[in-house]
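A.B. asks: Starting off with a structure, shown below.
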Amino acid sequence: MRIPTAKFCRLLAVALPFIVSAYPSYALDYPTRPIRFIVSFAAGGPNDTIARLIGQYLSEQLGQTVVVEDHVGAGGNIGMADVLASNPDGYTIGFVAPNNAINQTLYQNIPFDFVRDSTPIAGTMSLANVMEVNLAFPPKNVAEFIALAKTEPGKINFGSGGVGTSPHMSGELLEAMTGIKLTHVAYRGSAPSTTDLLGGQIPAMFDNLPGAIQNIKAGKVRALGVTTAKRVAELPDVPTIGETVPGYEVAVWYGISGPKGIPPEIVAKLNAAVNAVLAKPEIKQRFHQLGGEVMPMSANGFGKLVADETVKWAKVVKFANLKVE
């Protein structure tokens, strides 16, 4: 039976306010309970450090506790799989970093497509990686490191916070551009890698700058170079690797995403809250002290960044013939 057009319009006019109001009210009340903020790497590392700093201020901004949880393993895939499998209600969000773009090509059996299966929420921070060595290791600069590596192919170990992380790929890119051969040692986060660097178990490592800057400033390790195109203001005497290897550049970005299907109103509320946090002078100063800069973005803008980086790193992974089952 067909409903007459006039009658259908009257029914729709009556029902529409209830249909429209029921859905946004969920977002309007959000959040009404604590939010889980999942980090895919070990406590004490740079990802965890930044997440806890953001989470503290985000709690104040949203009026609910943001609980940081470290779900470690598989180069960050375990934590992100937990995020993407969660209820898309805005109460579980994940810390996003370059490994999420890199892993899509690096891992052969990754159980998700990050770009397809996630909801981008906000950008947070941009920064450099840094190449650092134990004080007892002879090279004093990048050129000396490369020269030594060429005489000892495969004998120099370098550590990172895990396979497919931005620090790991920074080392792979250096190998690809200079023809040297290093041996990568993957750790479950940068904190244990740093412990072994300080203890002399490994001679070198690449790390996100926030996790390394205090040891560098304290003179506990020697920084050979930063990975960005420009020097870092907090470490003006540390050259870029590109000053020795023209064209070398790795930029690091951090952000927040959640599972696919988070209501747009909740995404907008989270994005506004994150950007409000990033506008705080104390956050800008703290990020600067860590060697980074705030990176406020729209949700769509952050999504485009992740998609573009996924394409970029796919080329490097394939060039280096890297595969993880």
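The values are calculated or read from the model by the stated rules, or taken from the named source; none is laboratory data. These figures come from a predicted structure and were not determined experimentally. A quick note on method: Cβ atoms are made from the backbone with ideal geometry, for glycine too, and the neighbour counts reach across all protein chains shown.
A.B. asks: Out of F319, F302, report the one residue that is outside any loop (DSSP other than H, G, I, E, B) and either closer than 18 Å to A97 by Cβ or among the polar types (S, T, N, Q) (or both).
C.D. replies: Selected residue: F302, the only one of F319, F302 that is outside any loop (DSSP other than H, G, I, E, B) and either closer than 18 Å to A97 by Cβ or among the polar types (S, T, N, Q) (or both).
A.B. asks: For G258, all conditions in the list (1) in a strand (DSSP E or B); (2) out of contact with any Gly (no Cβ under 7 Å at 6 or more places or on another chain); (3) closer than 24 Å to S59 by Cα hold save one; what is the number of the exception?
C.D. replies: If we test G258 against (1) in a strand (DSSP E or B); (2) out of contact with any Gly (no Cβ under 7 Å at 6 or more places or on another chain); (3) closer than 24 Å to S59 by Cα, just (2) comes out false.
A.B. asks: Taking Q108 and the conditions (1) loosely packed, with under 15 Cβ neighbours inside 10 Å; (2) not assigned by TED's automatic domain parsing to the domain that holds L290; (3) not hydroxyl-bearing (S, T, Y), which numbered condition does it fall short on, given that it satisfies the others?
C.D. replies: Evaluating Q108 over (1) loosely packed, with under 15 Cβ neighbours inside 10 Å; (2) not assigned by TED's automatic domain parsing to the domain that holds L290; (3) not hydroxyl-bearing (S, T, Y) leaves (2) as the failure.
A.B. asks: May I pose another question? Does G291 satisfy the condition of being among the small types (G, A, S) and touching a helix residue (DSSP H, G or I) at 6+ places or on another chain (Cβ under 7 Å)?
C.D. replies: yes
A.B. asks: Identify the residue in region 87-111 that is outside any strand (DSSP E or B) and among the small types (G, A, S) and, among all such residues, is modelled with the lowest pLDDT.
C.D. replies: Result: A97.
A.B. asks: Within region 257-265, identify whether any single residue is buried (at least 21 other Cβ atoms within 10 Å of the Cβ), in contact with a Leu (Cβ under 7 Å, 6 or more places away or on another chain) and closer than 30 Å to A229 by Cα, and answer yes or no.
C.D. replies: no
A.B. asks: Next up: Within region 294-320, how many residues turn out to be surrounded by fewer than 16 Cβ atoms within 10 Å (Cβ to Cβ) and either of a type in the set (A, V, I, L, M) or under 15 Å from the mean Cα position of the chain (by Cα) (or both)?
C.D. replies: So the count comes out to 6.
A.B. asks: Considering only residues that are surrounded by fewer than 18 Cβ atoms within 10 Å (Cβ to Cβ) and either in contact with a strand residue (DSSP E or B) (Cβ under 8 Å, 6 or more places away or on another chain) or basic (K, R) (or both), which ones fall in region 72-85?
C.D. replies: Hits for region 72-85 are D82, A85.
A.B. asks: Against the definition (in contact (Cβ under 8 Å) with a residue 60 or more places away in the chain and of a type in the set (D, E, K, R)), how does R222 come out, yes or no?
C.D. replies: The answer is yes for R222.
A.B. asks: Taking region 125-167, which residues are out of contact with any Lys or Arg (no Cβ under 8 Å at 6 or more places or on another chain), closer than 12 Å to L224 by Cβ and not charged (D, E, K, R)?
C.D. replies: Hits for region 125-167 are N129, V130, M131, P138, P139, N141, V142, A143, F145, I146, L148, F158.
A.B. asks: Counting just the residues of region 199-232 that are surrounded by fewer than 16 Cβ atoms within 10 Å (Cβ to Cβ) and among the hydrophobic types (A, V, I, L, M, F, W, C), which one comes out nearest to the chain's Cα centre (by Cα)? Walk me through how you get there before you give the answer.
C.D. replies: We begin by selecting, within region 199-232, every residue surrounded by fewer than 16 Cβ atoms within 10 Å (Cβ to Cβ); these are 199-201, 214, 217-220, 229-230.
Still in the list and also among the hydrophobic types (A, V, I, L, M, F, W, C): 218, 229.
Working: A218: 25, A229: 19 Å.
Going through the qualifying residues, I end up with A229.
Residues checked against (1) closer than 15 Å to S126 by Cβ; (2) of a type outside the set (F, W, Y):
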position: T227; (1), (2): yes, yes
position: P236; (1), (2): no, yes
position: A251; (1), (2): yes, yes
position: I266; (1), (2): no, yes
position: A279; (1), (2): no, yes
position: L290; (1), (2): yes, yes
position: F302; (1), (2): yes, no
position: A314; (1), (2): no, yes
position: A320; (1), (2): no, yes
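A.B. asks: Turning to a different aspect of this structure: Exactly one of (1) more than 26 Å from A307 (Cβ to Cβ); (2) touching a Gly at 6+ places or on another chain (Cβ under 6 Å) is unmet by L209. Its number?
C.D. replies: Going through (1) more than 26 Å from A307 (Cβ to Cβ); (2) touching a Gly at 6+ places or on another chain (Cβ under 6 Å) one by one, L209 breaks only (1).
A.B. asks: From the residues in region 155-198 that are under 19 Å from N134 (Cβ atoms) and polar (S, T, N, Q), which one is surrounded by the fewest Cβ atoms within 10 Å (Cβ to Cβ)?
C.D. replies: T183
A.B. asks: Which ones in region 91-141 are out of contact with any Asp or Glu (no Cβ under 9 Å at 6 or more places or on another chain) and small (G, A, S)?
C.D. replies: Matches in region 91-141: A97, S118, A122, G123, A128, A136.
A.B. asks: Hey, another quick one. Name the residue, out of L278, L235, L290, L270, that is of a type outside the set (S, T, Y), within 19 Å of the chain's Cα centre (by Cα) and surrounded by fewer than 22 Cβ atoms within 10 Å (Cβ to Cβ).
C.D. replies: L278
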